[in-house]
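Engineer: Sharing a structure with you now.
The values are calculated or read from the model by the stated rules, or taken from the named source; none is laboratory data. Predicted model, so just to flag it, every value in this text is computed and none were measured. Every residue, glycine as well, gets a Cβ built from its backbone with ideal geometry; the counts of neighbours run over all protein chains shown. The area values use the complete protein model at the heavy-atom level, side chains included, leaving out ligands, DNA and RNA. Shrake-Rupley method; radii C 1.70, N 1.55, O 1.52, S 1.80 Å.
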Amino acid sequence: MNPPIARLSAEHRASTEAALEHALAPELGEARARAESGEMAERLAQAFAEGTLTAFVHELNERVRSWEAAGVSAAAREQALVVLARWPWIRTGIGAVADMPLEVQLQHEIGQREKFAALLTVSRAVMNTLDLKTILSTIAKQIRQVITTDECTVFLYDDREKVLLPAVCDAQSYVEQMLAVRLKLGEGITGTVALTGRGEIVNDAESDPRALTVPDTPPEQSALLCVPLKSREHVLGVITLSRIGPRGFQEEDLELATLFAGQCSAAIANARLYENMKRAYDELRSTQAQLVQSAKLNALGEMAGGVAHDFNNILAAILGRTQLLMQTVADPEMRRQLSVVEQAALDGAQTVRRVQEFTRVRQDERFETLDVNRVLYGVVELTRPAWEAGAKRRGVVVNVHLDLRASQSIAGAASELREVFTNMVLNAVDAMPGGGELWVSSADDGDLVRVHVRDTGVGMDHETRARIFDPFFTTKEVKGTGLGLSVAYGIVTRHHGCIEVHSSPGNGTQFTLEFPVGSVPVELGPLVDGRAPTALRILVVDDEEAVLYVLAEMLRGTGHHVTTALGGPAAIDVLREQTFDVVFTDLGMPDVNGWDLASLVKARHSECAVVLVSGWGFQLEEDAAHSRGVDCVMAKPFSFTDVESALRGLYDSNGQRRAA
């Protein structure tokens, strides 16, 4: 090395060590910073002298990670990298430097400096972001500038489709055409490199039999350089460089491209690991949200169950007394007044049932085999006044699009699912005050039937999405009750399905509902004649006097012999002395509850029928009740019709016990 260049090298090494020490000392301490600076400068000079730049870049990445682990800030690490990029990279292994003109040496220095600066830029991109698109775009741009190519395309291998797909393309023209390319392994020069895992230079690509012409691009003389992207001997993709015209590639270009490919492979592996972790985190967060929602509704369910039971006891006394009075009153005005009370009690019972619905505790409606498409079509017709006539009155247009492709059936309650879908359609119409598009679709997905309800409305922000299934939460101010989607959530859960919502402000909303495929066999029950049995021996048991005596009077009014017992222990005393055809018993009683009493009755007299009367009636499954000795479940509040229906199901008009 001639004296001026040697002096320049020594001066820059000293200044580089000083600058590195200055950048690292505040956080590493002076002693360690001095040692790190000396090692880096010595190793860097050695790398350029021996032509081992690739190994140095890997060492540099490890060194930067160790700085980060030691607490060196991002700003200090960035400053250290900039210092290294300023070194006058004079590589002595290219020949007799002393015999080269100074201008040639300086030009070579600039070229080496640009290459290393590009590698540092890529290293920073890999360290500072996990966004794969950003990293690949940075790599493609730097490669194209340093190796001076006309095009640089990064292909990634898609394991699912078994093809190479362009992830990024840095070029001046025909970018869209390049991004539309799909290559199988072994197809074209790029596909061959992906298959073999070895980089190639093809300086006369037009004459290579493996070459493929990109559709909608003119034939041109070109040279190709392809290097594989590998991680643990597994090919992740290919970097393909192209030069248009007679200019070819050199082995030095292949070496540098391979170096970039190593950085790119590490970036891809890290980004995919990050994506997998993010996906797992999102799934965990979604599961946690569902568990929180479930716990919240379970807590509300327990509270609502107790409230519903107490209200049903009150309503049972009111409704029963009212109907008894209506049988004895002939005055039209008095009957009209009693009808108002009766209707109020029935409305109160319906309100209690809705409270039970949003807490997902109703079990009264039996499932049947359903065609979801018929339910959806019926909902669209049912809501036509809202999305067609109502929209026209507001001077807007709502277009509804049906795409019903599901061919499999599900097991469910049609009335409940109609309520779910109707609520969603009406919500969608409300979300489009200026009109818009509404899509209702269904499709098969393996052993699931999936339903989508999507609109182009105002959308929802994150906070609203997080609360839409909460009871009593509404965005409709005066006209909203906040129970619609809570009820929908409970119904879908009872159908063993799931419901998700995707929405953002200004981008509309899409509800996705999934139901398991299924069917319900048709059961032919025994024929029941329309006449109720009379003169049965009946025991009525309840710990609420008002309910006990109103039910007893209703049964006496229909011609039966009735004995009453206030609570479970009193009923046991009566059962020791008498036998009965039917026992009507409350469920929730202290000391001896309805289940205990049913077991005792069946143990002593298996032919005696047991009717369980409870304010939790809609929460009880009849199959479970039958297994515990209960023949029939009657919910509170009850009417004369309910009582007679229960007895008709147990005995025929001649007083003969029906077969179970």
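Engineer: Determine, from the Cβ-Cβ distance of residue 73 and residue 14 and an R0 of 22 Å, the FRET efficiency 1/(1 + (r/R0)^6), rounded to the nearest 0.05.
Structural biologist: Taking R0 as 22 Å, the efficiency between residue 73 and residue 14 is 0.30.
Engineer: Further, regarding this structure: To the nearest 10 Å², what's residue 462's accessible area with a 1.4 Å probe?
Structural biologist: Probe radius 1.4 Å; accessible area of residue 462 about 130 Å².
Engineer: Another one. Distance in nm between label sites at residue 208 and residue 185, each 7 Å beyond Cα in the beta-carbon direction?
Structural biologist: In this crude spin-label approximation the distance works out to 2.0 nm.
Engineer: Hey, another quick one. Going by average Cβ density within 10 Å per residue, which order do the peptides 231-240, 177-186 take, highest to lowest?
Structural biologist: Those peptides, ordered most packed to least, come out 231-240, 177-186.
Engineer: Applying 1/(1 + (r/R0)^6) with R0 = 56 Å to the Cβ-Cβ distance of residue 343 and residue 285, what FRET efficiency is obtained, to the nearest 0.05?
Structural biologist: 0.75
Engineer: Sort 541-549, 568-576 by packing, meaning the average of other beta carbons within 10 Å per residue, with the highest value first.
Structural biologist: 541-549, 568-576
Engineer: Right, something else. For residue 437 and residue 461 in the same chain, what is the full-extension length gain: residue separation times 0.36 nm, less their Cα-Cα distance, in nm?
Structural biologist: 6.6 nm
Engineer: Turning to a different aspect of this structure: Mind putting a number on the dipole of the range 567-610 about its Cα centre? Charges go on the C-beta only, +1 for Lys and Arg and -1 for Asp and Glu, and I need it in Debye to the nearest 20.
Structural biologist: Roughly 120 debye for the range 567-610.
Engineer: For the pair residue 216 and residue 251, how long in nm is the line joining their label points, each one 7 Å along Cα→Cβ?
Structural biologist: Each label point is offset 7 Å from its Cα along the Cβ direction, giving 4.1 nm.
Engineer: Can you tell me the order of 274-281, 419-426, 511-518 when each peptide is scored by its average per-residue count of other Cβ atoms within 10 angstrom, highest first?
Structural biologist: The densest-packed peptide leads the list: 419-426, 511-518, 274-281.
Engineer: If r is the Cβ-Cβ distance from residue 145 to residue 447 and R0 is 60 Å, what FRET efficiency results, to the nearest 0.05?
Structural biologist: Once rounded, the FRET efficiency stands at 0.70.
Engineer: What spacing in nm lies between the two simple spin-label points modelled at residue 577 and residue 384, each 7 Å away from Cα in the Cβ direction?
Structural biologist: So the label points at residue 577 and residue 384 sit 6.7 nm apart.
Engineer: Still on this model: Quick check: residue separation of residue 607 and residue 232 times 0.36 nm, minus the Cα distance between them. What number comes out in nm?
Structural biologist: 127.5 nm
Engineer: Pull up all non-local amide H partners of residue 567: gap of 5 or more, or a different chain, and H-to-H distance under 5 Å with H placed in the peptide plane.
Structural biologist: 542, 543
Engineer: What is the gain in length, in nm to one decimal, between residue 658 and residue 176 on full extension, counting 0.36 nm per residue of separation less the C-alpha to C-alpha distance?
Structural biologist: 165.8 nm
Engineer: Taking a virtual spin label 7 Å from the Cα of residue 628 along the C-beta vector, which residues in the range 576-600 bring their backbone nitrogen under 18 Å of it?
Structural biologist: Counting only backbone N, you get 583-600.
Engineer: What shape does the range 206-328 have by the C-alpha gyration tensor, where a ≥ b ≥ c are the square roots of the eigenvalues, rounded means a/c under 1.5, and otherwise prolate means a/b greater than b/c and oblate the rest?
Structural biologist: Verdict is prolate for the range 206-328.
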